[in-house]
2 protein chains.
Amino acid sequence: MAKPTLEFWYEFASTYSYPAAMLVEQRAAEAGVEVVWRPFLLGPIFGEQGWNDSPFNIYAAKGRYMWRDLERICAAEGIAYVRPSVFPRNGLLAARLAVAGLDEGWTPAFTRLVYQANFARDQDIADRDVLKPLVTAAGGNAEAAFEQAASDGVKARLRDHVDLARSRGIFGAPSFIAPDGELFWGHDRLQQALDWVIKHPTREFA
Amino acid sequence: MAKPTLEFWYEFASTYSYPAAMLVEQRAAEAGVEVVWRPFLLGPIFGEQGWNDSPFNIYAAKGRYMWRDLERICAAEGIAYVRPSVFPRNGLLAARLAVAGLDEGWTPAFTRLVYQANFARDQDIADRDVLKPLVTAAGGNAEAAFEQAASDGVKARLRDHVDLARSRGIFGAPSFIAPDGELFWGHDRLQQALDWVIKHPTREFA
């Protein structure tokens, strides 16, 4: 029987998506759940909420708390963390590459490497020279991947992800969606989302 | 030796403060921690962030998620819950009463009763007739409590709580603050906050 699935919706600029990306596959495997990787962009969704910057920059007290909280989470989970010198970084190209890798299967490894570049090595994930070796290390063909990332097909597929996210009620990242449509927001809801999938493993509407 | 303390900062209109208020004392007792009850108002702090309504009303998708999430939390914790027909309700008078009860010790019981009125019985917690029996049931003298709640002293003390909250970095509710100043935001951080207090039981600056 096929494993039940959990959709993992993430945005490369999102801070709390970092620990989620590093942990989701292992935690899901322990629960007997398969992860469906869903790179998307929060920018368009935030824009509709009237934000043209991260809410963690717009709301200073919330931002200060988030950085401390992220540091605590990474320490507790044993995840390397260095506060990025630039925030948020533009994750558009990385997201297109992640979409390009979905069918070939190197997206999960690539995603983790991109988050580590941003949040553990303070690298600019909008820089092609930063991303190129990450595609290779994840098992992709860098030249072909960048070509695909620039194609209309991949651009459209990423836009579709954003539209789908919006229509499923997503307003932040990371978000998790169970097969029955149940939405969980935040790294701290990962285990709850997995528990939900185990109890509600099938789509409500086939 | 005195027990280490955890400050519990709450606002009566705050949805996630409801499960926190219902659970904090029991969870703290299990951890060997004493709760310091800190009623305050989020309105002035939200106003400085440019919000003149709950962010859950301003941001519709976030609001829809919050109501579902609150329902899940209450179900998981065995806490009665009925979605209020009015949100947010004005918690100013209730907060003043809660401040009035601090020295006499009936604030914790009163706080739980007010949250139950709002989030389990859909009652208007701005209504004196709703609040009066709750003061009595919590062990206070209703007439004296309302008189105190209208006094300059209690009004000033509540304003001081708001100023103190702001200066400690609080931007939402519920929030928990450990003796060393460490801040935790959200009902879902209660256990983490208690664990922190056990490891850091004393004030950094005596």
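Values computed for the structure shown
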{"read-out": "Subset of segment B:90-119 (residues that are among the aromatic types (Phe, Trp, Tyr) and in a helix (DSSP H, G or I))", "value": "B:Phe110, B:Tyr115, B:Phe119"}
{"read-out": "First in segment A:4-19 and without any contact (Cβ under 8 Å) to a residue 40 or more places away in the chain, second anywhere and in a helix (DSSP H, G or I) and aromatic (Phe, Trp, Tyr), Cβ under 9 Å, 6 or more apart", "value": "none"}
{"read-out": "Count of residues meeting criterion [of a type in the set (Ser, Thr, Tyr), within 11 Å of another protein chain (Cβ to nearest Cβ) and either within 25 Å of A:Ala98 (Cα to Cα) or assigned to a helix (DSSP H, G or I) (or both)] in segment A:48-76", "value": "1"}
{"read-out": "Subset tally (residues that are surrounded by fewer than 16 Cβ atoms within 10 Å (Cβ to Cβ), of a type in the set (A, V, I, L, M) and part of a helix (DSSP H, G or I)) for segment A:17-47", "value": "1"}
{"read-out": "Residue within segment B:77-99 that is in contact with a Pro (Cβ under 9 Å, 6 or more places away or on another chain) and within 14 Å of chain A (Cβ to nearest Cβ) present", "value": "yes"}
{"read-out": "Counted residues, segment A:129-176 - those being surrounded by fewer than 19 Cβ atoms within 10 Å (Cβ to Cβ), within 14 Å of chain B (Cβ to nearest Cβ), of a type in the set (Gly, Ala, Ser) and in contact with a Leu (Cβ under 9 Å, 6 or more places away or on another chain)", "value": "1"}
{"read-out": "Identity of the residue in segment A:178-195, in contact with a Phe, Trp or Tyr (Cβ under 7 Å, 6 or more places away or on another chain) and more than 21 Å from A:Asp69 (Cα to Cα), that ends up nearest to the other protein chains (Cβ to nearest Cβ)", "value": "A:Leu183"}
{"read-out": "Check on A:Asp122, part of a helix (DSSP H, G or I) and modelled with pLDDT of 95 or more", "value": "no"}
{"read-out": "First in segment B:60-80 and in contact (Cβ under 8 Å) with a residue 60 or more places away in the chain, second anywhere and buried (at least 18 other Cβ atoms within 10 Å of the Cβ), Cβ under 6 Å, 6 or more apart", "value": "B:Ile73/B:Pro19; B:Ile79/B:Pro19; B:Ile79/B:Met22"}
{"read-out": "Within segment A:140-160, tally of residues that are outside any helix (DSSP H, G or I) and either charged (D, E, K, R) or in contact with an Asp or Glu (Cβ under 8 Å, 6 or more places away or on another chain) (or both)", "value": "1"}
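The values are calculated or read from the model by the stated rules, or taken from the named source; none is laboratory data. Since the model is a prediction, treat every value here as computed from it, not as a measurement. FYI the Cβ positions are ideal-geometry reconstructions off the backbone, even for glycines, and counts take in every protein chain you see.
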